[in-house]
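Input: a single structure, listed below in structure tokens.
The values are calculated or read from the model by the stated rules, or taken from the named source; none is laboratory data. Because the structure is a prediction, the values reported are computed rather than measured. Glycine also receives a Cβ, built like all others from the backbone with ideal geometry; neighbour counts cover every protein chain displayed. These area figures cover heavy atoms from the full protein model, side chains too; ligands, DNA and RNA do not enter into them. Shrake-Rupley method; radii C 1.70, N 1.55, O 1.52, S 1.80 Å.
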Protein chains: 2
Amino acid sequence: MKVGFIGLGVMGRPMAQHLRKAGHELFVWARRPDSVTGLDAVVCATPAELGRQCEVVFTIITSSADVEGVALGKDGLIEGMAAGSVLVDCSTIAPDAARHIATRLGEKGIHMLDAPVSGGGQGAIDATLAIMVGGQAEVLEKVRPLLDCLGKRIVHIGPNGAGQVAKACNQMIMVAAIQAAAEAMRLAKAAGVDCAKVKSALSGGSAGSRVLDVMGERMVQRDFSAGIEARLHHKDYGLVLAAARQSGVPLPLTAVVDQQLNALMAQGWGRDDTSSLLRVLELL
Amino acid sequence: MKVGFIGLGVMGRPMAQHLRKAGHELFVWARRPDSVTGLDAVVCATPAELGRQCEVVFTIITSSADVEGVALGKDGLIEGMAAGSVLVDCSTIAPDAARHIATRLGEKGIHMLDAPVSGGGQGAIDATLAIMVGGQAEVLEKVRPLLDCLGKRIVHIGPNGAGQVAKACNQMIMVAAIQAAAEAMRLAKAAGVDCAKVKSALSGGSAGSRVLDVMGERMVQRDFSAGIEARLHHKDYGLVLAAARQSGVPLPLTAVVDQQLNALMAQGWGRDDTSSLLRVLELL
């Protein structure tokens, strides 16, 4: 199949490579030309040109505005993609933005799925991502063989936007778990107890989680080099709190974690790992 | 070996039964006589009498004051246990209380380990508890064959009190994860998205945890009948915040979770499951 891919970062590059390896013909476009080096792909001049040649296009881009620009802007996908083709947006953006893009593309007969992913850079490399899909079930079935190249748990959550709501829930829980691990490590250290042993003991019990295994270990090692950059989680929390405000839902724990992320950003640690939340607690 | 057991509740009863099944001679004492029914054990009149007959005594009791009473009070273990015998306290109590008991017993040559456990009632039944041990390493080695009957991950954290610090960290992280799951479920519902699908999708990604699997499912099913009663987690959070205050450590997320637990208690839900934190969010 002719598959387009836009957004060749930490997540997108290995995802595109999996699609190529599965035998699909790959078309790419990137704002920065060096993003496409080393890929066995046709490089396109604009999203529209890419869209013109592909049956399915994947995007995984940082912000709602950037996805809207690539999809709906001048020389955007909407100007090239044919009726019946599918945009699979794996970005983490506002549910509203996802619905807006789906509606606009729908007017031209172009299908759209919001399909944000979880699992981090390692999950992208291992093709073990969790994929949360919003959109029509029959469109999902059409592209499922492609998603199977990228992830292990592909769940149809509901109509357009629902995938993004699920991803917001994912980020809430994950970053809250990082903050909780940071507070535990901070308390253990203050009490004169070996953090490595605490982390090791906790991994086996009711507090066990993927976050504790991965981010807890980073805290123990004091390795704050980025897995996923903290600024991206900060962005995600903005989406979560906007969704909460819109729905009129009080999220007290999420609000506190957001403030800690603000403090992290204020320290200039946005390009470090989110396990830097431990360092925020050490400032106080 | 002659082994004593005091505290035959949801956790203690299966633990005592595992020790009996492993061939040890079991001695028990309980404040309420009906706690000892159905156990193949010698029932003692007082902790002192129990202590007089055992080489190793296990306790798993709710509060610091109750453990101190059983260990150091009138007719307490200290009046019966011989020099060289070992008290293994699996209760979740204040690190200070653990150190105090260890010191007092130590004056009579009686060894003490703080050995709080994690894994819940199911972990006790399956003998898969995580056990966080504070005290002398050589004393741990002496009783390790007994602990192997109860749990899978037995970690020596440090000197007396260190096991309790690790358990405080465990409870912080676990209940914070319950609150985070509750907030995610609350947001998903408000956004009109199917909570069961969200929970299912998230289990496979970076937000995956034992709490999400077990307590998230309880929230989806709206089954708030108690696994571990919420009042016990409320008690544990009191210990965590006292330790934070003593160490002068700011724990912003933990403080918020504590307030939500206060609200849960105020609703009279202390004997329900801690997944009732979801119901607290629905009150607002």
Cα extents of region B:1-56 along the three principal axes, largest first, in whole Å?
25, 25, 15
What is the P(r) of the protein assembly as shown, as percent of Cα-Cα pairs per 10 Å bin from 0?
4, 18, 25, 21, 15, 10, 5, 3, 0
Shape descriptor, region B:40-95: equivalent ellipsoid semi-axes (Cα gyration tensor, sqrt 5λ, whole Å, largest first) stand at 18, 12, 12
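Within 10 Å of each Cβ in B:272-282, how many Cβ atoms from other chains are there, averaged over the peptide?
Details: counts 0, 0, 0, 0, 0, 1, 0, 0, 2, 5, 1.
Average per residue, whole number: 1.
If you take the accessible area of B alone, add that of A alone, and subtract the area of the pair, what total do you get in Å², probe 1.4 Å, to the nearest 100?
Working: alone 12810 and 12830 Å², together 20770 Å².
Buried surface at the B/A interface: approximately 4900 Å².
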Computed on alpha carbon atoms, what radius of gyration and Dmax characterise region B:100-233, expressed in Å?
18.6, 64
Going by Cα centres, region B:238-278 and region A:47-69 are how many Å apart?
45
By average Cβ neighbour count within 10 Å, what is the ranking of B:39-47, A:22-30 from highest down?
A:22-30, B:39-47
List every DSSP H helix in chain B whose Cα atoms extend 24 Å or more along the helix's own long axis and whose mean Kyte-Doolittle hydropathy is at least -0.5.
B:162-190, B:230-247
Please give the charge dipole size of the protein assembly as shown, origin at the Cα centre, charges +1 on K and R Cβ atoms and -1 on D and E Cβ atoms. Round to the nearest 20 debye.
20
Mind checking which of A:Ala230, A:Ala263, A:Ala162 has the largest fluctuation in a GNM of chain A, springs on alpha carbons under 10 Å?
A:Ala263
For region A:2-159, whose charge dipole is built from +1 on Lys and Arg Cβ atoms and -1 on Asp and Glu Cβ atoms, the candidate among A:Gly123, A:Val88, A:Val42 with its Cα farthest towards the positive end is A:Gly123
Tell me, what % of the accessible area of chain B is carbon and sulfur with a 1.4 angstrom probe?
52
Could you tell me what fraction of 2.2 N^0.38 Å the Cα radius of gyration of region B:1-105 comes to, as a two-decimal ratio?
0.97
Just how far, in whole angstrom, is region B:75-91 from region A:124-148 if you go by their alpha carbon centroids?
59
Can you find, among B:Thr254, B:Ser206, B:Ile157, the residue sitting farthest towards the positive end of the charge dipole of chain B, where Lys and Arg contribute +1 and Asp and Glu -1 at Cβ?
B:Ser206
Could you check the spin-label model distance between B:Ser225 and A:Arg32? Points 7 Å from the Cα along Cα→Cβ, value in nm.
5.7
For all pairs of alpha-carbon atoms in region B:65-126, what percent lies in each bin of width 5 Å, listed from the first bin to the last filled one?
4, 18, 28, 22, 13, 9, 5, 0
With a 10 Å radius around each residue's Cβ, average the other Cβ atoms per peptide and rank A:274-284, B:245-255, highest first.
A:274-284, B:245-255
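If R₀ is 35 angstrom, what is the calculated FRET efficiency for the pair A:Ser63 and B:Ala137, using the beta carbon separation as r and rounding to 0.05?
Details: r = 53 Å, r/R0 = 1.51.
Rounded to the nearest 0.05, the efficiency is 0.10.
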Cβ-vector label at 7 Å, A:Leu283, separations to other copies in nm:
3.4
Length gained, A:Leu284-A:Thr103, 0.36 nm per residue minus C-alpha separation, equals 60.5 nm
For chain B, report the convex hull volume of the alpha-carbon atoms normalised per residue, in Å³, without decimals.
134
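Do any of B:Lys108/B:Lys167; A:Lys74/A:Lys108; A:Lys189/B:Lys167 go past 23 Å between their Cα atoms, and which? Don't skip to the end; give the middle numbers.
Numbers: B:Lys108/B:Lys167 27 Å; A:Lys74/A:Lys108 16 Å; A:Lys189/B:Lys167 14 Å.
As for pairs spanning more than 23 Å Cα to Cα, those are B:Lys108/B:Lys167.
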Need the per-residue list for region B:166-190: every residue with at least 50 Å² less accessible surface in the complex of protein chains than in the chain by itself, probe 1.4 Å, sorted by number.
B:Cys169, B:Ile173, B:Ala180, B:Glu183, B:Leu187
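Could you size up the charge dipole of region A:2-159 around its Cα centre, putting +1 on the beta carbon of Lys and Arg and -1 on that of Asp and Glu, and report it in debye to the nearest 20?
Magnitude of the dipole: close to 180 debye.
Would you tell me the mean number of C-beta atoms belonging to other protein chains that fall within 10 Å of each C-beta in A:244-252, as a whole number?
Average neighbour count from other chains, rounded to a whole number: 6.
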Please work out the C-alpha center-to-center distance from region A:1-33 to region B:160-176 and express it in whole Å.
45
Tell me which residues come under 5 Å, amide H to amide H, from A:Leu87 once H is placed; ignore anything under 5 positions away on its chain.
A:Val57, A:His111, A:Met112, A:Leu113
Past the 23 angstrom mark, what percentage of all C-alpha to C-alpha distances in region B:162-283 do you count?
30
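Give me the dipole magnitude in Debye, nearest 20, for region A:165-283 about the Cα centre, with unit charges on the beta carbon: positive for Lys and Arg, negative for Asp and Glu. Show your work: numbers first, answer last.
Details: 13 positive and 11 negative charges, 15 e Å.
That gives region A:165-283 a dipole magnitude of about 80 debye.
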